[in-house]
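Remarks on the structure that follows.
The values are calculated or read from the model by the stated rules, or taken from the named source; none is laboratory data. No experiment lies behind these values; they were computed from the predicted model shown. Neighbour counts are summed over all protein chains in view; Cβ atoms, including those assigned to glycine, are modelled from backbone coordinates with ideal geometry.
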Amino acid sequence: MSSMLSPSLMCADLLNLQSDIETLDKSGVEYIHLDFMDGAFVPNITLDATLIKRVKDVLVNMKRDIHIMAFNPEKYFDSMDIGTGDIVSVHYEACNNLLDVIDDIKSRGASAFIAISPDTPADVLSSLVDKIDGVLVMTVYPGFAGQPLAQGSMEKIAEVRKMIDNSKKDLILEVDGHVSWDLCKEMVMNGANLLVAGTSSVFSGENTLEESVKRMKGLIS
Ligand code: DX5
Ligand code: ZN
């Protein structure tokens, strides 16, 4: 499976979100990354559930890649209108009944991903690989854009890739955080096939959004 791109909307021009979404939607990008934070699991608040729901109304080509950094994420599924085609990543560290949450996501026709923060070891996934559709490896500490790569990220990507390959399941390995121009290729080499692009690449401001997407796709394909 070739590598896919998921630009992170919280890094877009917050005063012109619809035009950035429409630009990305026309640029051949597979997903749009929508970060939701509750201010408790992470000390920040970003896009709210209503906005994440409304994004659906303007998408033609892209699908939603929803990253919920919140305790009891199932509380927000209705208000986000979770449904077919969505990726929903919930944090291993934030769920009381992880298996029920996974079942809830799947019952809505969406793909269930487990997100693990940098300090959470990859082997917590070993009993879950058969129940999920993908893994979101956080390569920064969740909560803020613009952070440096977390220590050991490349090794962790490779370790999760090995777990996925041994499971013989076709899971997506998504990486999120400091996916920069000069590190994105190495992330793919280590096994990532869905990359969340934020302030260190697509939204770095060095080029237009279209040019940045083209540059990123050239680097990861
Ligand atoms: C952080 C979010 C990321 C973030 C990525 O908690 O999950 O999606 O926006 O931004 P950069 O690429 O700047 O790390
Ligand atoms: Zn994210």
Original post:
Which residue pairs have Cβ atoms closer than 7 Å, lie 6 or more positions apart in sequence or on different chains, and pair a first residue in segment 63-74 that is over 11 Å from residue 86 (Cβ atoms) and part of a loop (DSSP other than H, G, I, E, B) with a second residue that is more than 12 Å from ligand 1 (Cβ to nearest atom) and modelled with pLDDT under 95?
Top reply: 72/96
Original post:
Only one of 78, 35, 86 is surrounded by 22 or more Cβ atoms within 10 Å (Cβ to Cβ), within 15 Å of residue 110 (Cα to Cα) and at pLDDT 95 or above; which?
Top reply: 86
Original post:
Mind checking which residues of segment 15-39 are within 12 Å of ligand 1 (Cβ to nearest atom) and of a type in the set (A, V, I, L, M)?
Top reply: 32, 34, 37
**OP:** Identify the single condition in (1) closer than 18 Å to residue 215 by Cα; (2) assigned to a helix (DSSP H, G or I) that residue 5 does not satisfy, given that it satisfies every other one.
**Re:** (2)
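Conditions tested, residue by residue: (1) free of Cβ contacts under 8 Å to residues at least 40 places away in the same chain; (2) within 16 Å of ligand 2 (Cβ to nearest atom); (3) touching a His at 6+ places or on another chain (Cβ under 9 Å).
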position: 36; (1), (2), (3): no, yes, yes
position: 39; (1), (2), (3): yes, yes, no
position: 43; (1), (2), (3): no, yes, no
position: 46; (1), (2), (3): yes, yes, no
position: 55; (1), (2), (3): no, yes, no
Subject >> Residue, farthest from residue 175 (Cα to Cα), within segment 124-144, restricted to residues that are of a type outside the set (Ser, Thr, Tyr) and in contact (Cβ under 8 Å) with a residue 40 or more places away in the chain >> reply: 129
Original post:
Scanning for something closer than 16 Å to residue 142 by Cα and either surrounded by 14 or more Cβ atoms within 10 Å (Cβ to Cβ) or not polar (S, T, N, Q) (or both), does segment 16-30 turn up at least one residue?
Top reply: no
Original post:
How many residues does segment 173-208 hold that are hydrophobic (A, V, I, L, M, F, W, C), surrounded by fewer than 22 Cβ atoms within 10 Å (Cβ to Cβ) and within 18 Å of residue 35 (Cα to Cα)?
Top reply: 1
